[in-house]
Amino acid sequence: MYRSVAMGDTRDERLVNGRPRELAVVRILVVDDDPQAEALVGMALAEAHFERVLEVVSTAAEGLRRIEDDEHDAYLVDYRLPDGNGLELIHEAKAQGATKPFILMTGYGSGDIDEAALKEGVSDYVEKHMLVTHLEASIRYAIRDWQAGHALRE
């Protein structure tokens, strides 16, 4: 497991006057067994308009354990993992009560995976070769949608 910055708890700061606000720091759990995952995501978010803390784990099992801790604002999950696939991980996490946004990424894009991801309720689906151009917006929109839904439920 890797943590690029020590993570603090900012959960109380997510609503201002009962309304969602932009997060000053976005905490992202990356579940990907690629040794270059941190560098790839870091490069894709180099010009992002938000600060970020990345935590990288390499297996679905470790990802599920970290998701259960509910310390992140979004989850970036690779489709192919050494102990399963990203859709199985997302399904299991949601079955256990995870509500934060999931973004599925893959280097092996297909219409079938895209359709399955949407059926599973992921916030977005991004092919790895498109991370630099799509990841920042994908994360921002996913978190903004989650915050708005959370505020309405509250």
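The values are calculated or read from the model by the stated rules, or taken from the named source; none is laboratory data. Only a predicted model underlies this, so the values are computations on that prediction, with no experimental measurement involved. Neighbour counts run over all protein chains shown; Cβ positions are idealised from the backbone, glycine included. Surface accessibility is based on the protein's heavy atoms, side chains included, excluding ligands, DNA and RNA. Shrake-Rupley method; radii C 1.70, N 1.55, O 1.52, S 1.80 Å.
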Review point. Non-local amide H neighbours of Val126 (under 5 Å, H modeled in plane, Pro and chain starts lacking H): which ones?
Key: Leu104, Met105, Thr106
Practice item. Take the Cα atoms of region 24-154, find their three principal axes, and give me the spread along each one in whole Å, biggest first. Key: 37, 34, 27
Practice item. Would you kindly derive the ³J(HN,Hα) couplings of region 84-93 from the backbone phi angles with the Karplus curve 6.51 cos²θ - 1.76 cosθ + 1.60 (θ = phi - 60°), listing them in order in whole Hz, with x for Gly and Pro? Key: x, 10, x, 5, 5, 4, 4, 4, 5, 4
Exercise for review: Pull up all non-local amide H partners of Val53: gap of 5 or more, or a different chain, and H-to-H distance under 5 Å with H placed in the peptide plane.
Suggested key: Val26, Arg27, Ile28
Check your understanding: How would you rank 49-61, 69-81, highest first, on the average number of other Cβ atoms within 10 Å across their residues?
Key -> 69-81, 49-61
Practice item. With runs of 4+ DSSP H residues as the only contributors, calculate the mean residue ellipticity of the chain at 222 nm using -39,500 (n - 2.57) per run, divided by the residue total and rounded to the nearest 500. Key: -12000 deg cm²/dmol
Exercise for review: Taking only protein heavy atoms into account and a 1.4 Å probe, give the accessible area per residue of region 24-154 in Å².
Suggested key: 48
Check your understanding: How large is ³J(HN,Hα) for each residue in region 117-123, as worked out from phi by the Karplus curve 6.51 cos²θ - 1.76 cosθ + 1.60 (θ = phi - 60°), to whole Hz, x for Gly and Pro?
Key -> 5, 5, 4, 7, x, 5, 6
Review point. Percent of accessible area on the chain owned by carbon and sulfur, 1.4 Å probe?
Key: 49
Point to revise | Cβ charges +1 (Lys, Arg) and -1 (Asp, Glu), total dipole of region 31-76, debye | key: 80
